[in-house]
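Okay, structure first, notes after.
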Amino acid sequence: MSPLSQAGLLLINSIGSLVLLVIVLRFLLQLVRADFYNPMSQMIVKFTNPLLIPLRRIIPGFGGLDVASLVLALAAQYLLIVLVLMIAGFGMNLPFVAMIGWAAVGLGSLLLNIYFWGLLIVIIASWIAPNSYNPALILINQIIDPVMRPIRTRMPDLGGLDLSPMVLMLGIKVIEILVLYPLTTVLGIPSGILLGL
C-alpha cells in the first residue's frame, strides 16, 4: 500500500471513528436520559443535530429509543467501511449487502468499547480524583450507571470494595469472544476493516 493510501486510511479512520463515536454517544445519551444541560452533552447535541433533526422527521422514535440516531450511526459505519475498502484497493467491487451486517457488528463493537473504556476511565478517576465534578466524568458515569446498577445490587457487600466494574469488564470481554469474533468469521469481515476488532 502506498504512503498516500496509508495517510488516507489514517485520516478516514481517525475522523470517521470520531464522528461515529459522537453519534453513538448521542444515542446513548437519549437511552439513559443523561443530563442534556451538561456542556459535553450540549456539544454532542449541537454536532449531531444538523443530520439528526431531518432524519427524525422520517424515522420516529420507538419505545424510548432514538431510532434515528441508531440508523445514522449504522449509515456512518457503513460509509466508513466503504471508504476504507475503496482506499485499500477494493475499488467498486464491494459486497454492499453483506456490509450492512459488517456495519452492525462494527456498531456492536463500538458500544462494547465505549463501555469498556468508560469503565476504565471511571476506575482511574476514582483513584486519582474522587468526587470530581468534571462534566465528561459525570457524563460517563450517567452512561455506565444503568448497566452497573443491576450488577451492584447482586454483588455481595465487601465493605466498601466495589468489584462490579471488574464483573462488567469481564462480561464485555466474554461477549466479544463469544459473539463478536464468531460473527466476524461468519459474515466474512476482512481483518482491519472494523476498529477494535
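The values are calculated or read from the model by the stated rules, or taken from the named source; none is laboratory data. Quantities reported herein were computed from a predicted structural model and do not represent experimental measurements. Glycine also receives a Cβ, built like all others from the backbone with ideal geometry; neighbour counts cover every protein chain displayed.
Being closer than 23 Å to L180 by Cα and within 19 Å of the chain's Cα centre (by Cα), is that true of even one residue in region 31-53?
Of region 31-53, the ones closer than 23 Å to L180 by Cα are 31.
Retained after the next criterion (residues that are within 19 Å of the chain's Cα centre (by Cα)): 31.
There is at least one residue in region 31-53 that is closer than 23 Å to L180 by Cα and within 19 Å of the chain's Cα centre (by Cα).
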Selected residue (criterion: farthest from G108 (Cα to Cα)) from residues of region 139-171 that are surrounded by 16 or more Cβ atoms within 10 Å (Cβ to Cβ) and of a type in the set (V, I, T): I151
Number of positions in region 12-56 that are in a helix (DSSP H, G or I), modelled with pLDDT under 90 and surrounded by fewer than 13 Cβ atoms within 10 Å (Cβ to Cβ): 1
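Could we say that I172 is within 23 Å of M40 (Cα to Cα), β-branched (V, I, T) and either touching a Leu at 6+ places or on another chain (Cβ under 6 Å) or part of a helix (DSSP H, G or I) (or both) here?
On the way: within 23 Å of M40 (Cα to Cα): no; β-branched (V, I, T): yes; either touching a Leu at 6+ places or on another chain (Cβ under 6 Å) or part of a helix (DSSP H, G or I) (or both): yes.
In short, no.
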Filtered residue count, region 110-147, keeping only those that are in contact (Cβ under 8 Å) with a residue 24 or more places away in the chain and closer than 18 Å to A34 by Cα: 16
Residue ID - nearest to the chain's Cα centre (by Cα), chosen from residues in region 71-87 that are surrounded by fewer than 20 Cβ atoms within 10 Å (Cβ to Cβ) and either farther than 13 Å from G16 by Cβ or basic (K, R) (or both): L74
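L180 - would you say it is under 26 Å from I12 (Cβ atoms), aliphatic (A, V, I, L, M) and not in a loop (DSSP other than H, G, I, E, B)? Talk me through it step by step, then tell me what you get.
Numbers: under 26 Å from I12 (Cβ atoms): yes; aliphatic (A, V, I, L, M): yes; not in a loop (DSSP other than H, G, I, E, B): yes.
When the stated conditions are applied, L180 passes them.
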